[in-house]
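Step one of this worksheet: look at the structure below.
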Amino acid sequence: MAALSGKVARIKLCAQTATRSTNEAATLAPGGLVLNIDTRAKRHWDRSLTSTPVVTQAGATAVAIGSSNYVVDYAAGQVTFSTARSTAAAITLDINYMTASYVGLARGWSLDADVNLLETTVLSTLSSATVQWRTYTPGLSGGSVTMPRYLSDSTGRVFFDLQNVGNDLILELIPSTGAGGYQGYGYVESDSNDVSIDGLAEETVTVKIDGPLTYTTDL
């Protein structure tokens, strides 16, 4: 398990209906593998199974790139190709993006990410050696984020409500100002409140990461 903490957690709530946009400009990073959509407001994409982005390479005749040639990070608005492509050719995207609005900041955050390790130890009679060490194969990855925040009448009980309806959240987790951060989709897993008579009312929200959590220097 890997644990991180940080100074800023930006929390966004996705709209319930996606907006279609075509021929969006995108920039291919040096190396030719990672493609980022240029318009920041359109970087959170609809992740339903029927909403795969269409990636098109410009030329004398525009050619759609087959979806088997890349993987999509829907939270970050990013495409990663399996093999490098020329940075000289313009690439555009047809996407369904989700309008996201901020629901507040946390006063800190902690991230726990882990990989489920599956034991593959085999006891064999084909060797005279005594087996002393277990062996493992990495399984599925997962993570959760805990965010403490202060409560006031103006903030309402937004996370308690989100826990009940299961809305998509997008998290932008920044370890320090001016640095990159982690980004991903998630759902509110728990919401606890602490209201003491001699202190400020506090809320601790735990969000379960749903899908990939990626690191980017371009938040």
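What follows is calculated from the coordinates using simple rules that are stated; it is not laboratory data. All values derive from a computational prediction rather than experimental measurement. Heads up, the Cβs are rebuilt from the backbone with ideal geometry, glycines too, and the neighbour counts pull from every protein chain shown.
For the charge dipole of the chain, defined by +1 on Lys and Arg C-beta atoms and -1 on Asp and Glu C-beta atoms about the Cα centroid, which residue among G142, P212, V158 has the Cα displaced farthest towards the positive pole?
P212
Around K12, under 15 Å between beta carbons, what's the net of Lys plus Arg minus Asp minus Glu among the other residues?
+2
Would you give the gap between the C-alpha center of the stretch 195-219 and the C-alpha center of the stretch 23-73, rounded to a whole Å?
First find each Cα centre; the distance between them is then 30 Å.
Can you run the Rg to Rh ratio on the chain? Use alpha carbon positions and the Kirkwood inverse-distance Rh.
Ratio of gyration radius to Kirkwood radius for the chain: 1.08.
Convert 25 °C to kelvin, take the viscosity as 0.890 mPa s, use the Kirkwood radius over C-alpha pairs of the stretch 19-97 as Rh, and evaluate the Stokes-Einstein diffusion coefficient in µm²/s, rounded to a whole number.
Value of D from the Cα-based Kirkwood radius: 197 µm²/s.
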